[in-house]
1. Output the residue which, of all residues in region 255-266 that are out of contact with any Leu (no Cβ under 9 Å at 6 or more places or on another chain) and open to solvent by 10 Å² or more (accessible area, probe 1.4 Å), is nearest to A208 (Cα to Cα).
2. Among the residues of region 271-305 satisfying the criterion of being touching a Pro at 6+ places or on another chain (Cβ under 7 Å) and at pLDDT 95 or above, which is surrounded by the fewest Cβ atoms within 10 Å (Cβ to Cβ)?
3. Out of all the residues in region 226-244, is one or more in contact (Cβ under 8 Å) with a residue 40 or more places away in the chain, in a helix (DSSP H, G or I) and either within 30 Å of P119 (Cβ to Cβ) or open to solvent by less than 10 Å² (accessible area, probe 1.4 Å) (or both)?
4. Those residues that are touching a residue at least 40 places away in the same chain (Cβ under 8 Å) and out of contact with any Gly (no Cβ under 7 Å at 6 or more places or on another chain), I need them from region 75-91; list them, please.
5. Is there any pair linking a residue in region 246-266 that is acidic (D, E) to one that is surrounded by fewer than 18 Cβ atoms within 10 Å (Cβ to Cβ), with Cβ under 7 Å and at least six apart or on different chains, and which?
6. Within region 209-226, can you find the residues that are within 18 Å of A124 (Cα to Cα) and modelled with pLDDT of 90 or more?
7. Given the residues D320, D252, D218, which is the only one that is more than 21 Å from R60 (Cβ to Cβ) and in contact with a strand residue (DSSP E or B) (Cβ under 9 Å, 6 or more places away or on another chain)?
8. Does any residue of region 59-77 turn out to be open to solvent by less than 20 Å² (accessible area, probe 1.4 Å) and in a loop (DSSP other than H, G, I, E, B)?
Amino acid sequence: MFRLKFVARAMFALGVSVLPAQAQDDAGYPARSIKIIVAFPPGGGPDPIARIVASSLERRLGKPVVVENMPGGSGAIAARAAARAAADGYTLLLADMSFIVAPHTMANFGVKPLKDFEPIGWAATSPFTMIVSAAVPASNLAEYINIAKAKPGEMMIGHAGIGSTPHLAAVSFVRSAAIEPRYIPYRGASDAMSNAMSGLISSLFSSASLGISASGNDKLKVLGLTGNHRLKMMPNVPTFAESGIKMRGFEDGAWFGILAPAGTPQPIIAKLNGALNDMKSDTDMKVRFDAIGAEFKGGSSKAYHDFMVEQDVLWATTLDELGVKPE
């Protein structure tokens, strides 16, 4: 015992750390580049948000932060890769609503979101927009709903597959509006929007960035958006709340957050959360978010975890009510 104390004192006198290796690693984090995995192809879904976040985090952490796209498997490929990565803070995952929903619609998703990951914090929120074909004689949501009620089963709403966030946004709208349209699945939003332009479907729900694009197309119109305020890029498009439609589950629009593999040391989680919240003062990030209809969220890791728990309960209940079972 005396010898151990003597050695420790000697190392301290020489400036050599006697902290455990893990503590030293945490203190020196990050020592190399960090990777954010995204479950969508470049430019698709939340990919632009991941790239804006990566750029801002890189400036704050002093190390490269890169985005790695792993599309496929309805998000399962990306989620599994992130969950199996070393819990050292160098592999992160950008999650959205579909990440919480997937285990309730896919029997082989292979990941338990609330068990296999440590929440770091919210990155952003962004509304979903309701894009309507110009062939539909409606200039606002009330007129669209009246037409849908007069012709049950004739209105067709496109979406990106059962359990996808556009599908859930459509479900939320349909239930609140008490209408009976037909749901038409597509492989991607661009195909659905193309069919809306030609009048083959009545409408679709898609990202704010696609809504911004559609607002300048004379073959389409944007009648509403989720969230609690209008967008700078589409000031004339009202929120569903303004039109008297309660979009359950989409009160803040779509959400995006950063996760780390379970077991990641809390000092690293805290450092990443701090860097994420520092983004609030990043004017370049705000300009880039505005351009795609997104907004920085921020907050504590615990608040983000509690929110994910609430979302899990909400969508498990909603999908059960709709009769959707894991396949």
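The values are calculated or read from the model by the stated rules, or taken from the named source; none is laboratory data. As the structure is a computational prediction, the values presented were derived from the model and not from experiment. Every residue, glycine among them, receives a Cβ derived from its backbone with ideal geometry; neighbour counts consider all protein chains shown. For the accessible areas, the whole protein counts, side chains as well, though only heavy atoms, and no ligand, DNA or RNA atoms are used. Shrake-Rupley method; radii C 1.70, N 1.55, O 1.52, S 1.80 Å.
1. A262
2. Step one: of region 271-305, the residues touching a Pro at 6+ places or on another chain (Cβ under 7 Å) are 292-293, 301, 304-305.
The next check asks that each one be at pLDDT 95 or above; those that pass are 301, 304-305.
Working: S301: 22, Y304: 24, H305: 18.
Among them, the one singled out is H305.
3. no
4. To start, the set of residues in region 75-91 that are touching a residue at least 40 places away in the same chain (Cβ under 8 Å) comprises 78-79, 81-91.
Hits for region 75-91 are A78, A79, A81, A82, A83, R84, A85, A86, D88, G89, Y90, T91.
5. E251/N228; D252/N228
6. In the first step, residues of region 209-226 are kept if they are within 18 Å of A124 (Cα to Cα); the result is 209-212, 225-226.
Result: G211, I212, L225, T226.
7. On the way: D320 fails: in contact with a strand residue (DSSP E or B) (Cβ under 9 Å, 6 or more places away or on another chain); D218 fails: in contact with a strand residue (DSSP E or B) (Cβ under 9 Å, 6 or more places away or on another chain).
Checking each option against the conditions leaves just D252.
8. We begin by selecting, within region 59-77, every residue open to solvent by less than 20 Å² (accessible area, probe 1.4 Å); these are 65, 75-76.
Imposing the further condition that a residue be in a loop (DSSP other than H, G, I, E, B) reduces the set to none.
No: zero hits.
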